[in-house]
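Notes follow once the structure below has been shown.
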Amino acid sequence: MTLERTYIMVKPDGVERGLVGEIIKRFENKGFQLVGLKFLSPTRTILEKHYADLSSKPFFPGLMTYMTSGPVVAMVWSGKGVVKAGRVLLGETNPLASLPGTIRGDFCIDVGRNLCHGSDSVENAEKEIALWFTEGVVSHNRVVERLIYE
Ligand code: RTP
C-alpha cells in the first residue's frame with residue numbers, strides 16, 4: 001500500500017480563533033498520521049510561491065494581507081488517500097457551500113477567512129511539502145497501523 005502525504009495549514013484566523021487543536025483532532029480521529037508540524041509567521045516570499053497560480057486573481061492582494069496577518073501552523077499528514085480525504089475533512093473553499101461536519105462547514109463563513117489550506121493533488125502536495133518543510137519530515141512506523149489498515 002502506498003501512503004500519500006498532504007500539506008495542511010491552519011491559517012492565521014484558525015490560529016487566532018483557537019481552532020488548531022480542533023483541526024488536528026479531526027485528522028487524528030480519522031486515523032491519519034502527523035509527520036510534520038511547525039508554528040511560523042510566513043513571509044511574503046514563501047506565500048507568493050505557495051499561491052503562485054493565484055497571483056493574477058483580484059483577491060490576491062487581500063489573500064496576502066490575510067495570510068501575513070499572523071502565524072500559521074504548517075503540517076504534513078500521511079495516510080491512504082490523505083490528499084483527497086484531507087480536502088473532504090476541510091470542506092469546500094467557500095465555507096457557506098461546506099456541509100456541517102466539515103471543518104469549514106462547522107466553523108466559518110467567508111471564503112477569505114476559511115481557516116485552513118489543504119493540497120489539491122498528490123503532485124502539488126509534494127511541491128508544497130518541499131516548499132514549507134525544507135528540513136524534511138519525521139519518518140516513524142506507528143504501532144497502531146494494523147488497527148487502521150487491513
Ligand atoms: P486552499 O488552497 O486555501 O486550500 O484553497 P483552495 O485550493 O480550496 O482554493 P484556491 O482557489 O486555491 O484559493 C486559495 C485561497 O484563496 C482565498 N480565496 N479567496 N475572495 C475570493 O474570491 C477568494 N477565492 C479564494 C481562500 O482563502 C482560498 O482558500
Name the residues in the range 10-24 that are within 16 Å of Val76 (Cα to Cα), in contact with a strand residue (DSSP E or B) (Cβ under 9 Å, 6 or more places away or on another chain) and part of a helix (DSSP H, G or I), would you?
Val20, Ile23, Ile24
By residue number, the members of the range 82-93 that are more than 11 Å from the chain's Cα centre (by Cα), open to solvent by 30 Å² or more (accessible area, probe 1.4 Å) and not acidic (Asp, Glu) are Lys84, Val88, Thr93
Which pairs have Cβ atoms under 7 Å, sit 6 or more apart or on different chains, and link a residue in the range 131-150 that is open to solvent by less than 60 Å² (accessible area, probe 1.4 Å) to one that is at pLDDT below 95?
Tyr149/Met1
State whether the residues of the range 112-122 include one that is open to solvent by less than 20 Å² (accessible area, probe 1.4 Å) and under 27 Å from Asn141 (Cβ atoms).
yes
Take Ile24 and tell me if it is open to solvent by less than 80 Å² (accessible area, probe 1.4 Å), within 13 Å of the ligand (Cβ to nearest atom) and either among the aromatic types (Phe, Trp, Tyr) or touching a residue at least 24 places away in the same chain (Cβ under 8 Å) (or both).
no
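The values are calculated or read from the model by the stated rules, or taken from the named source; none is laboratory data. Note that this is a predicted model, so its numbers are computed, not measured. No Cβ is skipped: glycine too gets one built from the backbone with ideal geometry, and neighbour counts run over all protein chains shown. The accessibility values were calculated without ligands, DNA or RNA, using every heavy atom of the protein model including side chains. Shrake-Rupley method; radii C 1.70, N 1.55, O 1.52, S 1.80 Å.
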